[in-house]
1. Only one of these conditions is not met by Ala179: (1) at pLDDT 95 or above; (2) over 22 Å from Leu4 (Cβ atoms). Which number is it?
2. Within the set of pairs 6 or more residues apart or between chains, which connect a residue that is in contact (Cβ under 8 Å) with a residue 40 or more places away in the chain and within 16 Å of Gln229 (Cβ to Cβ) inside segment 182-210 to a residue that is small (Gly, Ala, Ser) and in a strand (DSSP E or B) with Cβ atoms less than 6 Å apart?
3. Here are Ser71, Ser47: which of them is in contact (Cβ under 8 Å) with a residue 60 or more places away in the chain and surrounded by fewer than 16 Cβ atoms within 10 Å (Cβ to Cβ)?
4. Only one of Val114, Val167, Val156, Val148 is outside any helix (DSSP H, G or I), at pLDDT 95 or above and either of a type outside the set (A, V, I, L, M) or in contact with a strand residue (DSSP E or B) (Cβ under 9 Å, 6 or more places away or on another chain) (or both); which?
Amino acid sequence: MKPLRKIIFPAAGMGTRFLPATKASPKEMLTIVDKPLIQYGVEEALSAGMDQIIMVTGRGKRAIEDHFDISAELEANLKRAGKSALYKEVSRIARMAEVVYLRQKEALGLGHAVLCARHWVGDEAFGVSLADELIVHSKPAMQQLREVYEATGKSVVGLIQVPADQVSKYGIVAYEAEASGLLRLTDMVEKPAAEDAPSRMAIVGRYIFTPRLMEILADVKPGAGGEFQLTDAIALLAKEEPVYGVVLEGQRFDAGNPEGFLMANTLLGLQHEQYGESLRKLLKAHL
Ligand code: G1P
């Protein structure tokens, strides 16, 4: 088994839940305290040993490429001005990972975005991470998945429990607990009505797949919303070979909409060394 190093970041979505902020800027560049969402995702992947990164982007997403690129002019300016902490941070970001970019030319769905990276993935297992799902925990979410992948050699999907009135926003899984305590996924459905949902366990944007997933994706038919759904391909994979679910530990924010974004900024702001105290004072004064 080759070591798990590859990870796909689908980043071609239009960010309609966050308009007008995302009209001209990628939603992946929305900032939580002082870093864009996509940087949180990349750092999480790196800390789980996944250092070969492919971003599947689309039109209007250049800022993501610039963020992870070397800006010689900026680095020279910071150095000259003696701003050494900022210089170090800016040059660290540009060198932290091997990132390649590929364009999804049409918005045909998450499954299609992942399939775009098929040739890059080849015959290796790979991760998929949705950067607008921010999961904060001392053990990074991808590492939580990786441990199950390493123990089983099978595909693993990150899950969280959601209230019944939220199931229609997610892929929802059916599962059985194995004697080992692992959850084996038996089926899943993309964005079901509450009465059709097999459980309240939602897929939360972190995945590790065996390479077989790509072959299945290549044949999947359009599903919910007329899009090629990753969830439909995982459901087919789960009929062929075990697919496990991991209920993720940590605080999770759907930062791709204003409410989750504000909550993430507030929590991480309160925890921030430099800004926490003044934010706490402001909140206290207004509660
Ligand atoms: C996607 C997936 C869905 C998953 C969700 C998590 O949906 O299709 O299965 O539950 O991400 O955020 P989207 O939010 O892109 O519509």
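1. (1)
2. Filtered contacts from segment 182-210: Leu185/Gly245; Asp187/Ala174; Met188/Gly171; Glu190/Gly171; Ile203/Gly171; Val204/Gly158; Phe209/Ser155.
3. Just a single option satisfies the conditions, and that option is Ser47.
4. Val156
The values are calculated or read from the model by the stated rules, or taken from the named source; none is laboratory data. Keep in mind the model is a prediction, meaning the values are calculated, not measured. A quick note on method: Cβ atoms are made from the backbone with ideal geometry, for glycine too, and the neighbour counts reach across all protein chains shown.
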